[in-house]
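K.L.:
My questions all concern the structure below.
Values in this text are rule-based calculations from the coordinates and carry no lab data. Predicted model only: the values in this text are computed from it and were never measured. Note that we place each Cβ from the backbone using ideal geometry, even for glycine, and neighbour counts take in every protein chain shown.
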Amino acid sequence: MTFFDINPLYSVSGFAVGVLVGLTGVGGGSLMTPLLVLLFGIHPSTAVGTDLLYACITKTGGTLVHGLSNTVDWKITRRLALGSVPATVLTLLLLAYFNHRGGEGASGLITTVLGFALILTAIALVFRKWILDYFATRVGEFDEGRTRALTIGLGALLGLLVSISSVGAGAIGVTVLLVLYPRLPVARIVGSDIAHAVPLTLIAGIGHWFLGSIDWSLLASLLVGSLPGIAIGSYVTARVPDRVLRPILASTLAVVGGRLAF
């Protein structure tokens, strides 16, 4: 199949995930990758690799919007990249090693990490307010040096998770950044996280491309559906209460993550 072979079923799935992403703000990786693996039987490596480039394209547009709105803190983005870029490269080398050895080692690693990443995402969604309140009252603000070190460490963790599973940059990243930078507006935190996701998913996606884990026809089919879906979801989001959407999404991620991990 070529890049221009559009599969309507994949496009419909891309549309559904795009609507949910627009409604909830959670990255497509936590929704799209398990859908491709569990429902369509796509190989986990192919699902992750394709989703990474899919995320890079969509989040590039988001970064442009946030950049024009001055809601990106480039200092935070640079700190995250200092941790995520080397972690991503090392993780890709690890995956290449497993692929070189043959067998299902890489596939099993990807499936297991994907499951646990989905569970962590669900926890971050459900308990975000409790986590933020706990750190605000019990820990307080960190000094500048510790904040910088923890931000770089967060970037390294996201580089590991995203390179293996394509999940984690959204809910997990934003939750931890809100703890580390409590004085910044939420929009600026979200914008910084989205901006960081572009080089992260690009490097990881290129790595998976060299590993042979990209299905270009699948990528095109997903984008055909997801781009209008995201636009519609973003328009509707103000009309659906967040307290209704988040528990439903978190429960779904927890169940799917448990199935993949165990």
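K.L.:
Rounded if a/c is under 1.5, else prolate if a/b beats b/c, else oblate: with a ≥ b ≥ c from the C-alpha gyration tensor eigenvalues square-rooted, which is the range 124-240?
P.N.:
In terms of gyration-tensor shape, oblate.
K.L.:
Any idea how far the Cα center of the range 30-109 sits from the one of the range 180-207, in Å?
P.N.:
Measuring centre to centre over Cα atoms gives 12 Å.
K.L.:
How much net charge surrounds Ser221 when only the other residues with a Cβ under 11 Å from the Cβ of Ser221 are counted, with Lys and Arg +1 and Asp and Glu -1? Don't jump to the answer; show the numbers that get you there.
P.N.:
Values: positive: none; negative: Asp5, Asp215.
Neighbour charge sum, excluding Ser221 itself: -2.
K.L.:
Can you give the local net charge around Ile76? Use residues other than it whose beta-carbon is closer than 13 angstrom to its beta-carbon, Lys and Arg +1, Asp and Glu -1.
P.N.:
So the environment of Ile76 carries a net charge of +3.
K.L.:
Calculate, for Trp209 and Phe40, the FRET efficiency according to 1/(1 + (r/R0)^6) with r their C-beta to C-beta distance and R0 30 Å; round to the nearest 0.05.
P.N.:
Details: r = 20 Å, r/R0 = 0.68.
With R0 = 30 Å, the Cβ-Cβ based efficiency is 0.90.
K.L.:
Mind giving me the FRET efficiency for Glu141 and Ser251? R0 is 25 Å, r the Cβ-Cβ distance, nearest 0.05 is fine.
P.N.:
Step by step, r from the Cβ atoms, then E = 0.15.
K.L.:
Arrange Leu53, Leu82, Leu222 by Cβ neighbour counts within 10 Å, fewest through most, would you?
P.N.:
On the way: Leu53 22, Leu82 16, Leu222 30.
By the 10 Å Cβ count, ascending, the order reads Leu82, Leu53, Leu222.
K.L.:
Moving to a separate point now. If R0 is 35 Å, what FRET efficiency do you get for Ala231 and Leu9 from their C-beta distance, rounded to 0.05?
P.N.:
Numbers: r = 21 Å, r/R0 = 0.60.
Result of the calculation: an efficiency of 0.95.
K.L.:
Counting Lys and Arg as +1 and Asp and Glu as -1, what is the net charge of the other residues whose Cβ lies under 11 Å from the Cβ of Pro199? Walk me through the numbers on the way to the answer.
P.N.:
On the way: positive: Lys59, Arg78; negative: none.
Net charge in that neighbourhood comes out at +2.
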